[in-house]
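Worksheet: the structure to be examined is printed underneath.
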Amino acid sequence: MLVYVGYGLILVHVALGSLQAPERPPVLAILLGIGFAGIASLHLVAGWRERAPTPAAAAEGSAVDVCAVADIPLDRALIFVLSGERVAVFRYRADGGERIAAVSNVCQHQNGPLGEGRVIDGCITCPWHGYQYRPEDGCSPPPFTETIPTFSVRVENGRVLVDPRPNPPGTRAEPARVGAAAADEEPS
Ligand code: FES
C-alpha cells in the first residue's frame with residue numbers, strides 16, 4: 001500500500017514546483033488537484049462497493065451457507081467475509097459443466113479485488129492489472145508463481161457451502177460440481 005504514499009509525494013512535489021514558478025499560472029497544480037481528487041474518489045467508491053455481506057456465523061469447523069448457486073453470475077463471483085477474510089466465490093464453466101470454487105479476494109500483485117474480476121480462459125483474472133489464478137488451486141498458470149489461499153466448498157440443494165478456514169496458498173480445493181437442477185435455476 002506504500003505505493004499510494006509514493007503517488008501522493010510525487011503529486012505534492014510537482015504541485016509545489018508549479019506553485020513556485022510565479023510566471024506560470026497554477027493550471028498544473030489545479031489539474032493535479034483534480035486528478036488526485038478523482039483517483040481518491042474512485043478508490044473510495046471501489047471500497048464502498050467491495051463491502052461484503054457477512055453470512056450468519058457458523059459453528060466451529062462447519063461450512064457456511066453463503067448463497068444460492070444461481071445467485072452467482074456465470075464466470076463471475078460474489079464476495080463474502082468469512083472469519084474476517086474476504087472470500088470470492090466463483091461460478092464458472094469447466095470440463096463441460098459448471099463448477100463453484102472459493103479463493104481469497106486479495107490479489108498478490110497490489111491487493112486488487114479478485115472477486116470483481118471474471119474467469120477468462122479457465123483462470124480468475126484480476127480486474128486491476130490482469131494477474132491470473134486457477135480457481136481450483138489458487139496458483140497462477142506457468143511460468144508465473146503467485147499463489148492465493150483457497151477455501152473448500154460444496155453444493156447442497158442448490159446452496160453454496162464454504163468452509164471459512166482458508167487453505168494454505170496454492171492448495172488444491174476440489175471445485176464443487178453444479179448439478180443440472182441448479183444450472184436450471186440460472187437467471188435469464
Ligand atoms: S492488483 Fe494488479 S493484477 Fe491484481
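FYI, it's all coordinate maths here, none of it is from the lab. A quick note: this is a predicted structure, and the numbers were derived from the prediction, not measured. Neighbour counts run over all protein chains shown; Cβ positions are idealised from the backbone, glycine included.
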Length-normalised contact order of the stretch 64-184 in % [C-alpha pairs under 8 Å, at least 6 apart]:
26 percent
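Compute the projected area of the convex hull of the Cα atoms of the stretch 2-49, averaged over all viewing directions, and report it in nm² to one decimal place. Before the final figure, lay out each step's value.
Numbers: hull surface 13.1 nm².
Quarter of the Cα hull surface area: 3.3 nm².
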Given 0.36 nm per residue, what is the gain on full extension from L44 to D75 after removing their alpha carbon distance, in nm?
8.6 nm
What do you get for the angle between helix 27-49 and the principal long axis of the chain? Use alpha-carbon atoms, 0 to 90 degrees, nearest ten.
20 degrees
Lys and Arg at +1, Asp and Glu at -1: neighbours of D121 with Cβ under 12 Å from its Cβ sum to +2
Angle in degrees between helix 2-19 and the longest Cα principal axis of the chain, rounded to the nearest 10
20 degrees
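Taking a quarter of the surface of the Cα convex hull of the chain, what do you get in nm²?
Working: hull surface 54.2 nm².
It is 13.6 nm².
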In order through the stretch 83-90: 3J(HN,Hα) via Karplus (6.51 cos²θ - 1.76 cosθ + 1.60), integer Hz, x for Gly, Pro:
6, x, 9, 7, 10, 9, 9, 9
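What is the gain in length, in nm to one decimal, between L9 and R154 on full extension, counting 0.36 nm per residue of separation less the C-alpha to C-alpha distance?
Values: separation 145, 0.36 × 145 = 52.20 nm, distance 4.70 nm.
Once the chain is fully extended between L9 and R154, it gains 47.5 nm.
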For the chain, what does the helix formula give at 222 nm: sum of -39500 (n - 2.57) over DSSP H segments with n ≥ 4, over the residue count, nearest 500 deg cm²/dmol?
-8000 deg cm²/dmol
Give the long-range amide H neighbours of G170: residues separated by 5 or more places, or on another chain, with amide H under 5 Å away, using H modelled in the peptide plane at 1.01 Å from N.
I148, T150
